[in-house]
1. Where Rh is the Kirkwood radius over the Cα pairs of the range 63-102, the temperature 20 °C and the viscosity 1.002 mPa s, what D in µm²/s does Stokes-Einstein return?
2. I need Asp82, Asp107 ordered by Cβ neighbour count within 10 Å, fewest first.
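Just so it is clear, none of the values below were taken in a lab; they were calculated from the coordinates. Quantities reported herein were computed from a predicted structural model and do not represent experimental measurements. Cβ: placed from backbone, ideal geometry, glycine included. Neighbour counts: every protein chain shown.
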Amino acid sequence: MIAKFLTQYRSHIYLTLALASVFGAYLFFERRPQPEAIQLVEATETASAVAPTPTVAIRVHVVGAVATPGVYVLGADARIIDAVQAAGGLTGEADPEAINLADRVGDGQQVRVPLRGAAPRPSLTPMLQGAAASASTAGAAALINLNTATAAELEQLPGIGPALAARIVQDREQNGPFATTEEIMRVSGIGEAIYARIREQVAVQ
């Protein structure tokens, strides 16, 4: 009877099995894990990726009253105190007030630390060069210009009172500026004696 049933409904059974196979295959492919989409992210440069700028080194020759004179390598922003410390520091005979320890140093420069009480010697430190230039400028500025000074400024000169100061101003207004300091003696009342007292304190530039 079973054989008869199979023979009679064979086509239906095959069709059912085929449909079941197709449905099973559909479920298998539908429910299998799907791979995640890959996103491409463009790399960007960051500040940390930038290579740091190398520090420039300078060489300084330290001489004088330091523990170990010699040539030393320092950073580009070094000060004289850094050069002195690199040379072992000041000795007991050093005169720290004769050098500006806070000044900057440059490549190839010589830093001389003087001895206490010693006679000044040539130095290549910026401080001493700057000090000499400042002293020269200050000396020039201390002179009274006979062609531009006011009467009150002229009265500061030895032997020049209000009357003579007024005559000097009046003379240069009438006769023009003084070409040399000696021409001050063309002013009435100013002779060689007064000129000798003021000639080191006046200028015409």
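1. Here the translational diffusion coefficient equals 207 µm²/s.
2. Asp107, Asp82
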